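Shown next, in structure tokens, is the structure this report addresses.
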Amino acid sequence: MLHVLYLVGVASFAASGVLAAHRANMDPFGGIVLAFAASISGGTLRDLILGRHPLYWTHDWVLLTVISCAAVGTMLYLRRWELPHRSLMTVDALGLAVVTVIGARAAIDAGVTPFAVIILAVLTGVTGEVVRDVLCGEFPPLLLREEVYATAACAGAAGYLLLHWAGASDTLGTVVAASLVFTLRLAAIHRELHLPRLADSAGRAAERRGR
């Protein structure tokens, strides 16, 4: 089940890469590049940190095929229909939810500390988005703005870890944790929830000092 969910996650990230390329007026090659960059960057960083070789995607032809098909399918869709409102964020939220949980599972299997599990899970989930936004010329990336993004991934990773400690099955832990990430991210998108900006905090502090 985990592998199937992972394929769903990377396919979502691949589609988000193409949507981002479309929004940035890139050509089809740019869409393919962003699809692969968004899909495999997080897992690659995780495996490099954990010292895993060869990298997971270099010998998984099914994974590469899914990414390619998701990218091409999204490009074909965009040639016939309008880009749905908030589609990029919604598809990206699904990828974030699934890939974050997969990252947590991989970190637990590697026997790292609980804090490292959360860090690696978040890195697995958010790295693809950062690489995608940088390649699109968006700076700072979504992650570094006030969006509820890494916060949602952190909550999901912590939830998965707690369920693992409680003896829950992998299936239950995966579904609950991924649903938590997805729900938090969608709630932030549709209700326009944001974290406070550092500039806002500094401004309020200066205002209090001036009183």
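Observations on the structure shown:
- When the P(r) of the chain is calculated, the portion above 27 Å amounts to 32% of the C-alpha pairs.
- Averaged over residues, the count of other Cβ atoms within 10 Å places the peptides 98-107, 16-25 in the sequence 98-107, 16-25, highest first.
- Rounded to the nearest 20 debye, dipole of the chain from Cβ charges on Lys, Arg, Asp, Glu: 480 debye
- Each Cα pair under 8 Å and six or more residues apart adds its sequence gap; the mean of these over the residue count of region 1-121 is a relative contact order of 35 percent.
- Solvent-accessible area, 1.4 Å probe, carbon plus sulfur percent, for region 38-118: 67 percent
- The mean sequence distance of close C-alpha pairs (under 8 Å, at least 6 residues apart), as a share of the length of the chain, puts its relative contact order at 23 percent.
- Across region 34-49, coupling constants 3J(HN,Hα) worked out from phi with the 6.51/-1.76/1.60 Karplus curve, θ = phi - 60°, read 5, 4, 6, 4, 5, 7, 10, 5, x, x, 5, 4, 4, 5, 5, 5 Hz, and Gly and Pro carry x.
- Pairwise FRET efficiency - residue 187 versus residue 165, Cβ, R0 = 22 Å, nearest 0.05: 0.25
- When 192, 138, 82, 129 are compared by accessible surface with a 1.4 Å probe, the order from highest to lowest is 82, 192, 138, 129.
- Probing with 1.4 Å while keeping every protein chain in the model, the per residue accessible area of the chain equals 51 Å².
- Subtracting the Cα-Cα distance of residue 80 and residue 29 from their residue separation scaled by 0.36 nm leaves 16.5 nm.
- Structure-based [θ]222 nm, the chain - -39500 (n - 2.57) summed over DSSP H runs of at least 4, per residue, nearest 500: -26000 deg cm²/dmol
The values are calculated or read from the model by the stated rules, or taken from the named source; none is laboratory data. Since the structure is predicted, the reported quantities are computational estimates derived from the model, not experimental observations. Virtual Cβ from ideal backbone geometry, glycine too; neighbours counted across all protein chains shown. Note: accessible area is taken over every heavy atom of the protein model, side chains too, but ligands, DNA and RNA are not part of it. Shrake-Rupley method; radii C 1.70, N 1.55, O 1.52, S 1.80 Å.
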